[in-house]
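The structure appears below as structure tokens.
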Amino acid sequence: MALTHKDFDFDAELDACPACGGKVLRPAPVSLDDDWSLAGFKASKCVSCRTVFFNPRPLTKALGAFYAAIDKGDPRGFIEASLRYYRDPARAAARRREYLAPLLRRRASGALLDFGCGAGWFAKMAEDAGFEAHGLEQMPEAAAAAREELGLVNVRTGGEGELPAEPTYDVIVANNVIEHMLDPADFAGKCFAALKPGGLLMYNFPCADSYMFEALGAHNYYYMAPYHLTHFTREGMSRMLSALGYENIAYESQPEAYYWGKSLAHKLGLTDKYKKWRNDPDFVKFDIAMDELLAAVTQRYDVSLNSLVFAEKV
């Protein structure tokens, strides 16, 4: 990626936590170069809720250039990856188990908005399960793929500015979105306004309570700057949602997406070798087995890297 930290313009430094509003902040690890992460972004940690966030925040225009650099001008790779979550049997089974099933335990019908829906894999699964599925996706090509390739007629192009200001949906889902938001509380507030009374919110997010996050710091695979801007703890997420009026907040751990091997290799300065090892089928088997082992251990103590949060608009 050609961009560096110096290519970004920044907003004023935040003096309060974007999750809980806490005013006592401490320095957190500075970001490092690794795949979708750029070195040099400073971070703060809230003493009260332990949420970690990059501070100061880059301006929206600079972030747009960063995402364009990731896509390399060709969104088809992103679209194909999204479609595989629905079309590939093994991937689809995992996503139904880890994303859809927790929702169905709480709600099984109604008008559902999948915000940041990509090419529509979750919205399509929700539709198959009986929901009236809608989607918002900022990438026009991905929104078009959701309509044309998965038949999701209610998917449209748009971002948080297109969330309705009046109660519209029974469920709003945002998978792997909240950590990207410059102002996550503002986004969650817009979701609250768009939910009907009795409506349900579901966010998936990489959780800073996890052992990987605490043990590996900036080497953690998900410590991505400026791709991820806020690393919530469950306490931080709960405080933010409660302040906005959400009630009955509950969490579930997700066993997927640990990336222990990659993170450890990065910490040991072996990133380049790790990329070569990933071409060796025997190493891939070992890497997957280690991920599964560590997933089982951390799931046992409810500290997985990914968390689902559910909250209601009563």
### Query
Any idea which residue in segment 278-301 is surrounded by the most Cβ atoms within 10 Å (Cβ to Cβ), counting only those that are among the charged types (D, E, K, R) and more than 17 Å from residue 254 (Cβ to Cβ)?
287
### Query
Restricting to strands (runs of 3 or more DSSP E) lying wholly in segment 13-129: which have 1 or more residues that are over 30 Å from residue 164 (Cβ atoms) and in contact with a Gly (Cβ under 7 Å, 6 or more places away or on another chain)?
43-46
### Task
Give the residue that is surrounded by the most Cβ atoms within 10 Å (Cβ to Cβ), with candidates limited to residues of segment 242-271 that are farther than 14 Å from residue 216 by Cα and aromatic (Phe, Trp, Tyr).
246
### Message
I'd like the residue in segment 283-300 that is in contact (Cβ under 8 Å) with a residue 12 or more places away in the chain and not hydrophobic (A, V, I, L, M, F, W, C) and, out of all such residues, is nearest to residue 169 (Cα to Cα).
### Response
299
### Query
Considering segment 134-150 alone, what residues qualify as being part of a loop (DSSP other than H, G, I, E, B) and free of Cβ contacts under 8 Å to residues at least 24 places away in the same chain?
138
### Scope segment 32-81; condition open to solvent by 50 Å² or more (accessible area, probe 1.4 Å) and under 21 Å from residue 232 (Cα atoms); matching residues
32, 36, 42, 45, 47, 48, 50, 59, 60
### Query
Does at least one position in segment 99-117 carry a residue that is within 25 Å of residue 75 (Cα to Cα), without any contact (Cβ under 8 Å) to a residue 40 or more places away in the chain and not hydroxyl-bearing (Ser, Thr, Tyr)?
yes
### Task
Test residue 238 against the stated conditions and say whether it is of a type in the set (Ser, Thr, Tyr) and within 18 Å of residue 49 (Cα to Cα).
yes
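The values are calculated or read from the model by the stated rules, or taken from the named source; none is laboratory data. Since this is a predicted model, take the numbers as computed values, not measurements. As a convention, Cβ positions derive from the backbone with ideal geometry for all residues, glycine included, and neighbour counts pool all protein chains shown. All accessible areas refer to the heavy atoms of the entire protein, side chains included, with ligands and DNA or RNA removed. Shrake-Rupley method; radii C 1.70, N 1.55, O 1.52, S 1.80 Å.
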